Amino acid sequence: MELRALYRRRRALFWSKVLPYLPYVLQSGVAVLLLILSIAFAAWYTAFLRDLPPDLPIRWIMLLLLGPLTVHAGFRTYLQPADILFLLPQESKMNSYLTPAFRNGLIYKVPGLVIILLLLWPLYQRSTGVFHPLWLMLLVLVLLKALSTYGAWQELRIASLRARTGYRLLRWCFLLLLVAAWIWQPAWKSALFMLLLSLNYVLLLRFPLKHKVPWEHLIALERSGAARAMLVLGWFVEVPADGQKVVRRRYLSAVGNRLPWNPAEAYRYLLIKTFTRSELLGIVVRLTLLGMVLTGWNDQSWLGAALYLLFVFLIGTQLASLRQTHQDSPAASYYPLPAGARKAAVLRLATGLLLGIAVLLWLPMIVLPGGDPALTFGSLAGGLLLAWGMHSTWAHKWREEDDE
């Protein structure tokens, strides 16, 4: 019970650091923006359901949206580096500490799955072929979610990094196959198939060598999870930026090497190297690819232009977090930086990236046929103006912060 109480105290401590920032997030206008987007999506989705294309691949859309949500699993253990020393003697009793983390990792992700399923349900009802009742569909997806969560929890304990990576790939393949079988096949066939494949998957999880408690791995994942939460808050308010995960990307190791070797470019060099190894790059790339797909899909209407501007804004909000990079780290103090070099480097990199991404997001609108030229080129002009307007906002805001 003492270990379980320790878990509850640490979770409360984490949220006590996060909750004070939420009023600032709401004051930034994100609540109004979400309300406007919800209303716009509801209007668009209603019109889309009314004029549904006859050849729409509804079941593939369901697999694309429900599959990753069913397979994805994550846990917050709130473990700290000192636990290797102080909690190690109680390793045999750590189940009472880790069980709530496993349970919360499942419970807190089910609502998102339910919401997406309810949104897709009107589409599913209009599809041809096998049809499952809503309650049965929800029950099966939750059970598959529980299986994926169990598999992810066992992966954390695997001693070998290569085996852990292989089992993660295996889990994604197995679970996506099970979701696809349930969407396309009758209930009794897919239930039998899922039962047999699930038993084999659970047996396969018994083979690799596992730690009782993977201390170092869990601590590293906890630091990464806490850093992601602070990264999201950093889009709206100044927060500490320590503990962000460093991703090794050898194919980008040469980026920034051609910068002039002088004090004025020192921080820009450090910033570029940090950005190419940070989780922020992955977030920006995923948002860019998603934005290209959605804007290209709706390039013949005003919705495409609205989505284009929305993704430019969202990615710009992400890039604004570069301001917090190395702000609390002594690493930046090792460089002989001229006055104002940090702010200038952040503005230059963030603005350049945002302008380039604005062009990338626009490319599907010009490549795919059938669009209105005035709307297409007007969207590009609006996106570039929005990017430059965000640059001006950053410059003004950061200048006021420096004055303070």
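The values are calculated or read from the model by the stated rules, or taken from the named source; none is laboratory data. Everything numeric here is computed off the predicted structure, so don't read it as measured data. Cβ atoms come from the backbone with ideal geometry, glycine included; neighbour counts cover every protein chain shown. Heads up: the accessible areas ignore ligands, DNA and RNA and are worked out on the full protein's heavy atoms, side chains in. Shrake-Rupley method; radii C 1.70, N 1.55, O 1.52, S 1.80 Å.
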Straight-line reach only, C-alpha to C-alpha below 28 angstrom: list the lysines that Lys189 could link to, leaving out same-chain residues fewer than 8 apart. Lys109, Lys145
Full extension from Trp388 to Ile61: what is 0.36 nm times the residue separation minus their Cα-Cα distance, to one decimal in nm? 114.2 nm
Keeping all protein chains in place and using 1.4 angstrom, which order do Lys273, Lys210 fall into by accessible surface area, from largest down? Lys210, Lys273
Give me the distance in nm between label points sitting 7 Å out from Cα along the Cα-to-Cβ direction at Asn95 and Ala181, one decimal. 2.9 nm
All alpha-carbon distances of the range 3-228, grouped into 10 Å bins from 0, give the whole-percent distribution 7, 25, 28, 24, 13, 2, 0
Along each principal axis of its Cα atoms, how long is the range 71-130 end to end? Whole angstroms, biggest number first, please. 58, 19, 13
Positive-pole candidate from Ile84, Ala220, Trp60, dipole of the range 3-228, charges at beta carbon: Ile84
Beyond 11 Å, what share of the Cα-Cα pairs of the range 173-225 is found? Please give it as a whole percent. 75 percent
